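First up is the structure itself, then whatever we jot down about it.
The values are calculated or read from the model by the stated rules, or taken from the named source; none is laboratory data. This is a predicted model, so every value here is computed, not measured. Positions of Cβ are backbone-derived with ideal geometry, glycine not excepted, and every protein chain shown enters the neighbour counts. These area figures cover heavy atoms from the full protein model, side chains too; ligands, DNA and RNA do not enter into them. Shrake-Rupley method; radii C 1.70, N 1.55, O 1.52, S 1.80 Å.
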Amino acid sequence: MEHGVPTRVPGAVVYPPLNSARVTSVSRHDEAAGAPPGAGERDGSRWNAATARVTLRRHWLFALLFTLGVLLRVMAQVAYQPVILYFDSPRYLHNAYWLNPNGPDPLGYLVALRILLDAFHSLALLATFNHLLGLGVAGLIYAVLLRRGVKPWMAALAAGPVLLDGLQLLIEQMVMSEPLFQFFVVLGIALLLWRPRPNPAFAAGAGVAFAAAGLTRYVGLSLVVVGLLFCLLAAGGRFVPRLVTAAALLAAFALPVIGYATDNYAVNGTFAVPRGRVSTGLYARVAASVNCAQLSLPAYERPLCPPRGVVKPMGGSLIQGYALGKTSPLKTYRPPAGETVHQVTDNFVKRAVLQQPLPVARSVAGSLLRPFVSWRRDHRPGELPVARWQFQGRPRPGDQPSAGPAAARLPALPRVHTGPRPARLRDPRARGGPGGRPGASLGSAARLPALARRRAGLAARGRPLPVLVALPAAHAGHHPAGRRARPVGPHVTKASAGTVGGARAGRSG
């Protein structure tokens with residue numbers, strides 16, 4: 001530029017000033033074409049609003065399912081205050097104040113309970129924590145599928161069961177370790193699948209997630225084998241990158257496990273991660289499915305598998321009869337000298353599975369498929385009723401052997417608010433709860449008016465809202481309107497909370 005006159009450079013392109021009429025007319029053309037004003041500006045509210053609209057347009061189905069999932073969890077939280085106790089729930093709450101690494105449950109979930117109870121002094125936060133974990137699992141599934149090129153609507157349908165299934169909602173409303181275990185398992189898998197070929201950094205993150213899952217439920221320790229096989233098969237085209245990636249996963253998995261074993265040594269003098277005992281349920285399933293007369297067993301194991309008809313079903317379930325019934329062989333069994341009951345049942349399970357694998361496989365496969373195929377069937381002879389894992393307003397005989405506040409009395413929890421008494425509670429659905437039947441989660445959205453009841457306890461009389469979302473498995477259950485009901489569980493109540501402030505804190509962890 002010389003003396004205020006622009007210098008022309010050969011081959012250069014001269015653009016008009018931003019305030020010229022030409023630029024202004026082009027902007028008007030953009031607005032007429034439907035582009036939001038300021039959509040290209042990365043600062044300011046205009047760009048944010050435009051981005052939000054585009055994002056919502058792309059992910060509308062997941063946003064809809066996620067919103068329904070949040071509403072269902074709010075319904076469960078309001079209707080079943082503050083939490084639901086299952087058989088193992090009091091044990092979790094008690095052990096959270098002892099934190100013994102050699103206890104029947106690993107410390108993963110117990111530490112989470114202890115932190116939440118010490119921080120908020122409210123049992124309701126335990127269910128809220130579980131619900132947030134469930135929503136996080138759905139988000140991980142959706143994100144990793146999008147990352148791997150799956151269409152948004154397909155990824156949303158894949159995450160839908162976690163958001164809407166009634167069994168998932170029920171387990172989240174309970175004081176149980178399953179939601180935390182699920183989160184760590186899905187997190188580890190998501191890290192391995194985030195890239196087409198996992199690298200050492202993502203593999204190490206998956207190893208930590210699998211270790212956390214195993215220290216939440218001992219069965220999760222076996223996930224490291226699956227992770228190692230995946231890294232050896234999928235990480236890189238050459239053997240060395242695969243080996244390095246697998247080594248990173250194994251090292252990251254081993255560090256938390258070694259730390260847990262060190263803590264166990266400091267407390268109990270044993271440098272080991274306690275191996276999960278052969279569960280009574282596994283023994284009961286095997287004994288109930290095999291033909292005991294055709295098994296070749298040592299004489300001292302023969303009482304564990306009596307002839308048919310000796311063990312009576314409990315609550316309609318032969319498996320439950322073997323596990324907890326009065327006629328169960330475990331009630332009177334005495335192991336030989338030098339062995340424990342758990343060692344003998346472990347050996348019995350191994351022999352029975354090796355000799356009769358098909359009956360055991362049929363029994364396990366039937367239980368796995370049952371939630372997906374038994375939409376209207378309650379249960380077959382020898383099986384537990386489906387209602388055992390449904391939201392209910394009133395315990396039915398045989399469904400919950402420990403129902404009632406006195407049957408699952410809580411330990412004394414210092415300064416913990418246990419919520420209202422059952423008489424103050426009302427059930428939005430007397431049978432099935434929010435999505436109580438498999439696949440019926442969307443049906444509970446039609447029960448939203450039932451939550452708009454008065455505080456005194458009168459149920460709303462509004463008609464069910466129509467649900468304008470079509471999924472193949474969606475159907476609503478029964479709801480006798482206005483019925484006074486007491487939640488199943490039993491619930492945590494002031495009547496079942498024991499004395500306040502008298503607990504022995506044990507180790508502070």
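Among residues of the stretch 284-302 being at pLDDT 90 or above and more than 37 Å from the chain's Cα centre (by Cα), the one that is most open to solvent (accessible area, probe 1.4 Å) is 294.
Within the span defined as the stretch 188-200, every residue fails to be charged (D, E, K, R) and in a helix (DSSP H, G or I). Here the condition is being buried (at least 19 other Cβ atoms within 10 Å of the Cβ), within 30 Å of residue 324 (Cα to Cα) and not hydrophobic (A, V, I, L, M, F, W, C); of 97, 142, it holds for 97 alone. Say whether the condition of being of a type in the set (Ser, Thr, Tyr) and modelled with pLDDT under 90 is met by at least one residue in the stretch 250-263. No, the stretch 250-263 has no match at all. Considering the stretch 109-132 alone, what residues qualify as being within 23 Å of residue 256 (Cα to Cα), more than 17 Å from the chain's Cα centre (by Cα), surrounded by 17 or more Cβ atoms within 10 Å (Cβ to Cβ) and not basic (Lys, Arg)? Scanning the stretch 109-132 gives a single hit, 116.
Candidates 274, 179: the one that is closer than 30 Å to residue 323 by Cβ, open to solvent by less than 30 Å² (accessible area, probe 1.4 Å) and not in a helix (DSSP H, G or I) is 274. Condition (residue is in a helix (DSSP H, G or I), closer than 26 Å to residue 71 by Cα and either of a type in the set (Ser, Thr, Tyr) or within 20 Å of the chain's Cα centre (by Cα) (or both)) applied to the stretch 98-108: is it met by at least one residue? No, the stretch 98-108 has no match at all.
Remark: residue 222 falls outside the filter, which requires a residue to be under 25 Å from residue 114 (Cα atoms), under 27 Å from the mean Cα position of the chain (by Cα) and hydroxyl-bearing (Ser, Thr, Tyr). Taking first residues from the stretch 119-136 that are of a type in the set (S, T, N, Q) and partners that are outside any helix (DSSP H, G or I), the Cβ contacts under 7 Å between residues at least 6 apart in sequence or on separate chains come to 122/82; 122/416; 122/417.
Could you please let me know if residue 215 is in contact with a Gly (Cβ under 8 Å, 6 or more places away or on another chain), of a type outside the set (S, T, N, Q) and under 20 Å from residue 110 (Cβ atoms)?
yes
Scanning the stretch 193-209 for residues that are open to solvent by less than 10 Å² (accessible area, probe 1.4 Å) and in contact (Cβ under 8 Å) with a residue 40 or more places away in the chain yields 198, 203, 206, 207.
May I ask you to verify whether residue 236 is at positive phi and in contact with a helix residue (DSSP H, G or I) (Cβ under 9 Å, 6 or more places away or on another chain)? For residue 236, the condition - at positive phi and in contact with a helix residue (DSSP H, G or I) (Cβ under 9 Å, 6 or more places away or on another chain) - is met. For residue 267, state whether it is in contact (Cβ under 8 Å) with a residue 24 or more places away in the chain and over 30 Å from residue 329 (Cα atoms). Judged against the criteria, residue 267 is a match.
Within the stretch 319-339, identify whether any single residue is closer than 26 Å to residue 366 by Cα, open to solvent by 30 Å² or more (accessible area, probe 1.4 Å) and not hydrophobic (A, V, I, L, M, F, W, C), and answer yes or no. Yes: one or more hits. Within the stretch 210-225, being free of Cβ contacts under 8 Å to residues at least 24 places away in the same chain and in contact with a Leu (Cβ under 9 Å, 6 or more places away or on another chain) holds for no residue.
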